[in-house]
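A.B. asks: I'd like to ask you about the structure that follows.
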2 protein chains.
Amino acid sequence: MSAATKDATRKATVTTPTDRTIRIERVFDAPRDQVWRAFTEPGLLAQWWGRGNKLVIERFELERGGHWRFVEHSAEGVHGFEGRFREVTPPARLVQTFEWDGMPAHVVLETIELEDAGEGRTRVINTSLFHTPEERDGMLQSGMEGGLDQSYAALDRLLATMT
Amino acid sequence: MSAATKDATRKATVTTPTDRTIRIERVFDAPRDQVWRAFTEPGLLAQWWGRGNKLVIERFELERGGHWRFVEHSAEGVHGFEGRFREVTPPARLVQTFEWDGMPAHVVLETIELEDAGEGRTRVINTSLFHTPEERDGMLQSGMEGGLDQSYAALDRLLATMT
């Protein structure tokens, strides 16, 4: 069992560099190419993004201008998420929009950076830019952090099976 | 011939209330219900939005959460535009996102307000909110204002045929 799988309660570091941004940093116990694959291959994304819930990937066009759309089926209901890719630079950088069906046309610009953290580990930095401070605060108060830790714990488990 | 059709060179008033917004104000020589229809019925939109160019309306789901997508066919090429509705409040207010295929995932939040300006006229106030000042400046430098005046002149002509 690797350090990552043992450390199931590892938390992401969430900060707010400006009043319209959220920055999330987390180290994963796998090399960058593997983490990139987990973020960009639908078959792998479906295994962790939904935190254990069934995730239907309706659309995933991994190129500049391409669209993506995920539908998560949980006990609480069905939730759709979608967006479009602005930049796809493997294995380092993914820039995309993010929108939840429950708040349509509230669009977040998400920049995901993958850095080599040494010793076969990868640092993932996810920076979200909102149109307004109010939308940013709404996201912080939505239970995002708990959901994120669940997703990332599922990603830890997936990465452990890929090594 | 009405005052609106004679005044073919009428210009919109463009201001920049903040470093991430563009505000456009223009009075039209038609009552609010007619202007609302011209902004929200695909058959009417297709007659003015494209400034005389062929406009294919691929999607137009006029409700909260609905998507829209227009493709303009001009001598310079084919340009796609799309977004999603946040708020649809006839005949007063339409809030939607706006994105041009040429700059994917650069999303503008657009609020269109229709006010009764008296004497059968309507004031349209269009406020665009960008994620960054740089994106706002890019839009200002794109020739937007000339294109807008062409669109609104075409809208004047359409409204004159509706009375």
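A.B. asks: Keeping all protein chains in the complex and leaving out DNA, RNA and ligands, what accessible area do you get for A:Tyr152 with a 1.4 Å probe, in Å² to the nearest 10?
C.D. replies: Result for A:Tyr152: roughly 10 Å² accessible.
A.B. asks: If you put a point 7 Å past Cα along the Cβ direction, how far is that point for B:Asp33 from the same point in each other copy, in nm, smallest first?
C.D. replies: 6.7
A.B. asks: Here's something else I'd like to know. Kirkwood Rh over Cα pairs of the stretch B:55-123 into Stokes-Einstein at 4 °C, 1.567 mPa s: D in µm²/s?
C.D. replies: 97
A.B. asks: Also: Mind listing the label-point distances from A:Thr89 to the same position on all other copies, shortest first, one decimal in nm, points 7 Å along Cα→Cβ?
C.D. replies: Label point to label point, same position, other copies: 4.2 nm.
A.B. asks: If B:Phe60, B:Phe85 are ordered by their accessible area, calculated over protein heavy atoms with a 1.4 Å probe, which sequence runs from highest to lowest? Working shown, then result.
C.D. replies: Working: B:Phe60 45, B:Phe85 0 Å².
Correct descending sequence by accessible area is B:Phe60, B:Phe85.
A.B. asks: Taking a probe of 1.4 Å, how large is the accessible area per residue of the stretch A:35-163, in Å²?
C.D. replies: 44
A.B. asks: Can you give the FRET efficiency to the nearest 0.05 for B:Ala12 and A:Arg10, using r as the Cβ-Cβ distance and R₀ = 56 Å?
C.D. replies: Taking R0 as 56 Å, the efficiency between B:Ala12 and A:Arg10 is 0.55.
A.B. asks: Let me ask something else. Stick to Cα atoms and the Kirkwood definition of Rh, then tell me Rg/Rh for the protein assembly as shown.
C.D. replies: With Rg and the Kirkwood Rh in hand, the quotient comes to 1.05.
A.B. asks: Could you tell me what percent of the accessible area of the protein assembly as shown is made up of carbon and sulfur, with a 1.4 Å probe and every protein chain present?
C.D. replies: Carbon with sulfur: 49 percent of the solvent-accessible area.
A.B. asks: What span do the alpha-carbon atoms of the stretch A:1-93 cover on each of the three principal axes, reported in whole Å from largest to smallest?
C.D. replies: For the stretch A:1-93, the Cα extents along the three principal axes come out at 34, 32, 32 Å.
A.B. asks: For the rotation that brings chain A onto chain B, whose beta-carbon in chain A is nearest the axis, and what is that distance in whole angstrom?
C.D. replies: A:Val107, 2
A.B. asks: Any idea what the B:Gln141 label distances to the other copies are, label 7 Å down the Cα→Cβ vector, nm, shortest first?
C.D. replies: Label point to label point, same position, other copies: 3.9 nm.
A.B. asks: Turning to a different aspect of this structure: Filter the GluC sites (Glu not before Pro) in the stretch B:62-138 down to the DSSP loop ones having no more than 13 other Cβ atoms within 10 Å, then list what survives. Before the final figure, lay out the partial values.
C.D. replies: Working: sites: B:Glu63, B:Glu72, B:Glu76, B:Glu82, B:Glu87, B:Glu99, B:Glu110, B:Glu113, B:Glu115, B:Glu119, B:Glu134, B:Glu135; in loops: B:Glu63, B:Glu76, B:Glu119.
Filter output for the stretch B:62-138: B:Glu63, B:Glu76, B:Glu119.
A.B. asks: Suppose R0 equals 25 Å; then what is the FRET efficiency for B:Glu58 and B:Gln141 from their Cβ-Cβ distance, rounded to the nearest 0.05?
C.D. replies: According to the calculation, E is roughly 0.35.
A.B. asks: Then there is this: Taking 2.2 N^0.38 Å as the expected size of a compact globular protein, what ratio does the Cα radius of gyration of chain A give against it, to two decimals?
C.D. replies: Details: Rg = 15.1 Å, N = 163, 2.2 N^0.38 = 15.2 Å.
Expressed relative to 2.2 N^0.38 Å, the Cα Rg reads 0.99.
The values are calculated or read from the model by the stated rules, or taken from the named source; none is laboratory data. None of these values were measured; they are calculated from a predicted model. Please note: Cβ atoms are built from the backbone with ideal geometry, for glycine as well, and neighbour counts cover all protein chains shown. Remember, those area values only see protein heavy atoms, side chains included, never the ligands or the DNA or RNA. Shrake-Rupley method; radii C 1.70, N 1.55, O 1.52, S 1.80 Å.
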